[in-house]
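Asker: Below is a structure I'd like to ask you about.
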There are 2 protein chains.
Amino acid sequence: MMNKETDLGVLLKPGERVDDLHRNQYKIIQNTKKFCFGMDAVLLSGYTKVLPGEKVLDLGCGTGIIPILLEAKTQGKHFTGLEIQEESADMARRSIAMNKLEDKVDIVVGDIKEASALFGLASFDVVTSNPPYMNHSHGIINQAESKAIARHEILCSLEDVVREATRLLMPNGRFYLVHRPFRLAEIIKVLVDYGLEPKRMKLVHPFVDKEPNMVLLECIKGAKSRITVEAPLIVYKEQNIYTEEIYDIYGY
Amino acid sequence: MMNKETDLGVLLKPGERVDDLHRNQYKIIQNTKKFCFGMDAVLLSGYTKVLPGEKVLDLGCGTGIIPILLEAKTQGKHFTGLEIQEESADMARRSIAMNKLEDKVDIVVGDIKEASALFGLASFDVVTSNPPYMNHSHGIINQAESKAIARHEILCSLEDVVREATRLLMPNGRFYLVHRPFRLAEIIKVLVDYGLEPKRMKLVHPFVDKEPNMVLLECIKGAKSRITVEAPLIVYKEQNIYTEEIYDIYGY
């Protein structure tokens, strides 16, 4: 197969496709064999508050879904995505070019563990992350390396993400995280230990009578301890039919 | 008013009444001017697992609702309630006599802060607590002292309760707690720091689309970090009509 040019003038590599984001007519390049964004990233972008003029960093941005959606949904000044996998970062950069967002969104190739050294202390108003969920004792490592790095804590741990987020944020800066509920106790302990106080939490349940399979958190650097646990977000009202709240977040 | 004797041969003091617990025909003495048990205590007794032969301690038992309900619902060997307020403990003791539970349930007057010195280290399989929810920076102190002590952290803090629970439990012993969600981050941090790993959590929402107003936690002393966040418990299906799950827990 040859590379082909999209109608927006951007090259697609073999196995890649262009998906519509239903926001500002933005599109994103994905490769189903490597890694596609999930509902997690969309819900995190819906949960994240970015005020006009703020600078935002996404730790582990993959193909750029969170910076691109946040650029569409907010009036933030600038959005940076940090990604360690060159191939994902390259797809993210071509998506940004395709959407003509080069002035608003940057993709940087680098290691989350060194993010604060790379960007400097207290350099962002908002940090987001949809990090690898699985630590070594849980789940089976996916054989395709790019998916494994995105899903398992091979190259960085939860503590790495939280430590770097704290360092990167200005005082009172906000950290937004999506993760799996089975790690909630560890997540809260690490956040509190690093001074990123959890202030808002939303559990995402596939159905109202089922266990949650995602947790969304808003933390404020240096805030006092007091959290609002919000009403749950229910994904499906019946089999294959999303609730209104999900349609709203997806922008359909 | 004079003290009056109930048909079960126990004296009631002025202002006291006898309520039916809908379990084993057990009854409880309460005084609406002082302190009555809430849904919190009933839900905690429904959430607590006691295996046959186990020894159970309730930290801050008030009028004895949790030990009495757990005696009714489980095959535990023995139940102890620790209460600092002599007046509540006296009501609890008369309720125990009224239900003829003197061989199974003891009420001890004493301070939670000294509980492990009082009962000895590693002396219980299960510890429960429905502690004061409000720390000094939240809410208004109720002027009636007995209510204030039960609701506000005047005589003991969350950390006191957790520290003593850890000391009182055998290895792999279980701690069950009901509390307010606004303190969830602090609760989890303190539990993890004291080695009482949160293993199961249930949020209680008045209605399905409202924020939770209670959180139930099961912790295991010395366990690995991994929590099951359960399906939410919804209290009302419509105004003034409980859901089936609540009727089940209440035993109606």
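The values are calculated or read from the model by the stated rules, or taken from the named source; none is laboratory data. Because the structure is a prediction, the values reported are computed rather than measured. Every residue, glycine among them, receives a Cβ derived from its backbone with ideal geometry; neighbour counts consider all protein chains shown. When the accessible area is computed, the model is the full protein with side chains, heavy atoms only, and any ligands, DNA or RNA have been set aside. Shrake-Rupley method; radii C 1.70, N 1.55, O 1.52, S 1.80 Å.
Asker: Name the single residue that is surrounded by the fewest Cβ atoms within 10 Å (Cβ to Cβ) among those in the stretch B:227-245 being within 14 Å of chain A (Cβ to nearest Cβ) and of a type in the set (A, V, I, L, M).
Answerer: Only one residue fits best here, namely B:Ala231.
Asker: Starting from the stretch A:77-91, keep only residues that are at positive phi and aliphatic (A, V, I, L, M), then list their pairs with residues that are at pLDDT 95 or above and open to solvent by 10 Å² or more (accessible area, probe 1.4 Å) whose Cβ atoms are within a distance under 8 Å, requiring at least 6 positions of separation or different chains.
Answerer: none
Asker: Test of understanding: among B:Lys202, B:Lys224, which residue is touching a helix residue (DSSP H, G or I) at 6+ places or on another chain (Cβ under 8 Å) and either part of a loop (DSSP other than H, G, I, E, B) or more than 8 Å from chain A (Cβ to nearest Cβ) (or both)? Steps first, please.
Answerer: Working: B:Lys224 fails: touching a helix residue (DSSP H, G or I) at 6+ places or on another chain (Cβ under 8 Å).
Going through B:Lys202, B:Lys224 in turn, just one is touching a helix residue (DSSP H, G or I) at 6+ places or on another chain (Cβ under 8 Å) and either part of a loop (DSSP other than H, G, I, E, B) or more than 8 Å from chain A (Cβ to nearest Cβ) (or both): B:Lys202.
Asker: Which numbered condition in (1) under 30 Å from A:Asn135 (Cβ atoms); (2) away from chain A (no Cβ under 12 Å) is the only one that B:Ala150 fails?
Answerer: For B:Ala150, the exception is condition (1).
Asker: What's the total number of residues in the stretch B:106-137 that are within 25 Å of B:Phe182 (Cα to Cα), open to solvent by 50 Å² or more (accessible area, probe 1.4 Å) and either of a type in the set (S, T, N, Q) or modelled with pLDDT of 95 or more (or both)?
Answerer: Counting residues in the stretch B:106-137 that are within 25 Å of B:Phe182 (Cα to Cα), open to solvent by 50 Å² or more (accessible area, probe 1.4 Å) and either of a type in the set (S, T, N, Q) or modelled with pLDDT of 95 or more (or both) gives 2.
Asker: Check the stretch B:126-137 and report whether any residue there is part of a helix (DSSP H, G or I) and in contact with a Leu (Cβ under 9 Å, 6 or more places away or on another chain).
Answerer: We begin by selecting, within the stretch B:126-137, every residue part of a helix (DSSP H, G or I); these are none.
No, the stretch B:126-137 has no match at all.
Asker: Next question. Taking the stretch A:154-181 only, how many residues are more than 10 Å from chain B (Cβ to nearest Cβ) and either assigned to a helix (DSSP H, G or I) or open to solvent by less than 20 Å² (accessible area, probe 1.4 Å) (or both)? It would help to see each step written out before you state the result.
Answerer: So in the stretch A:154-181, the residues more than 10 Å from chain B (Cβ to nearest Cβ) come out as A:154-179.
Subset that is either assigned to a helix (DSSP H, G or I) or open to solvent by less than 20 Å² (accessible area, probe 1.4 Å) (or both): A:156, A:158-169, A:173, A:175-179.
Going through the stretch A:154-181 one residue at a time, the tally reaches 19.
Asker: Separate question: Looking only at residues in the stretch B:227-245 that are in contact with a helix residue (DSSP H, G or I) (Cβ under 8 Å, 6 or more places away or on another chain) and of a type in the set (A, V, I, L, M, F, W, C), which one is farthest from A:Pro181 (Cα to Cα)?
Answerer: That would be B:Val235.
Asker: Still on this model: Would you check if A:Cys61 is closer than 29 Å to A:Glu245 by Cα and buried (at least 21 other Cβ atoms within 10 Å of the Cβ)?
Answerer: Answer is yes for this residue.
Asker: Give me the pairs: first residue in the stretch A:93-118 and in contact (Cβ under 8 Å) with a residue 40 or more places away in the chain and under 15 Å from A:Ile65 (Cα atoms), second residue open to solvent by 20 Å² or more (accessible area, probe 1.4 Å) and hydroxyl-bearing (Ser, Thr, Tyr), beta-carbon distance under 7 Å, and six or more apart or on different chains, which are they?
Answerer: Within 7 Å, the pairs are A:Met98/A:Thr6; A:Asn99/A:Tyr26.
Asker: Here is a further query. Of the residues B:Leu184, B:Leu217, which is buried (at least 17 other Cβ atoms within 10 Å of the Cβ), under 18 Å from A:Val204 (Cα atoms) and among the aliphatic types (A, V, I, L, M)?
Answerer: On the way: B:Leu217 fails: under 18 Å from A:Val204 (Cα atoms).
Criteria check complete, one pass: B:Leu184.
Asker: Also, quick follow-up: Please go through the stretch B:181-218 and pick out each residue that is closer than 18 Å to B:Gly46 by Cβ and touching a residue at least 40 places away in the same chain (Cβ under 8 Å).
Answerer: Listed by number, the residues that qualify are B:Lys202, B:Val204, B:Met214, B:Leu216, B:Leu217, B:Glu218.
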